[in-house]
1. Which of the residues spanning segment 1-56 are touching a residue at least 40 places away in the same chain (Cβ under 8 Å) and touching a Cys at 6+ places or on another chain (Cβ under 9 Å)?
2. With the requirement that a residue be within 22 Å of P86 (Cα to Cα) and either among the aromatic types (F, W, Y) or not in a loop (DSSP other than H, G, I, E, B) (or both), what does segment 17-48 give you?
3. For residues that are of a type in the set (D, E, K, R) and open to solvent by 90 Å² or more (accessible area, probe 1.4 Å), scanning just segment 1-23, find the one that is modelled with the lowest pLDDT.
4. If you check every pair at least six apart or on different chains, which have Cβ atoms under 6 Å apart with a residue in segment 65-83 that is within 11 Å of P40 (Cα to Cα) first and a residue that is part of a helix (DSSP H, G or I) and at pLDDT 90 or above second?
5. Quick check on segment 47-105: of everything there that is open to solvent by 40 Å² or more (accessible area, probe 1.4 Å) and acidic (D, E), which residue is modelled with the lowest pLDDT?
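The values are calculated or read from the model by the stated rules, or taken from the named source; none is laboratory data. Because the structure is a prediction, the values reported are computed rather than measured. All Cβ positions, even for glycine, are placed from backbone atoms using ideal geometry, and neighbour counts span all protein chains on display. Please note that ligands, DNA and RNA were not included when accessible areas were found on the heavy atoms of the full protein model with its side chains. Shrake-Rupley method; radii C 1.70, N 1.55, O 1.52, S 1.80 Å.
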Amino acid sequence: MADEGEILKAVKEWATVNSVVSGESMGEVCKNTIEHVRFPLIDPDELSFIDKENERKRYIPVSLIKNAWKFHATKELDPSSKQTTPRAGTLPKESLRVLGLGQRT
């Protein structure tokens, strides 16, 4: 079980190593994996840091970060989307509590 920030960190570390080994960019290495990180479940302060870091490294598609910001701004849930469904390891956060999203079991 892991929180989304921990999942992103693991994907980033994996993509960094594989980028060096393969000679491909981080974005290319993790393009099929990064979409499984649930960015809307990341706290806005952490998301801001990730957004700024991504401006330099460009490994996260802008659409994923844009959708996360839209989620936090509108507070609208899409029940059919995994992106807004907490995992078993999702830590309780104020930004999610307001939306009625608790820790998943």
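1. K12, A15
2. Once the filter is applied, which keeps residues that are within 22 Å of P86 (Cα to Cα) and either among the aromatic types (F, W, Y) or not in a loop (DSSP other than H, G, I, E, B) (or both), segment 17-48 yields I34, E35, H36, F39, P40, L41, P44, D45, E46, L47, S48.
3. Looking only at segment 1-23, we keep the residues that are of a type in the set (D, E, K, R), and these are 3-4, 6, 9, 12-13.
Still in the list and also open to solvent by 90 Å² or more (accessible area, probe 1.4 Å): 6, 9, 13.
Values: E6: 92, K9: 95, E13: 96.
Here the answer is E6.
4. Partner pairs satisfying both residue conditions: I65/D51; A68/F39; A68/P40; A68/L47; F71/P40; H72/P44; Q83/P40.
5. Selected residue: E94.
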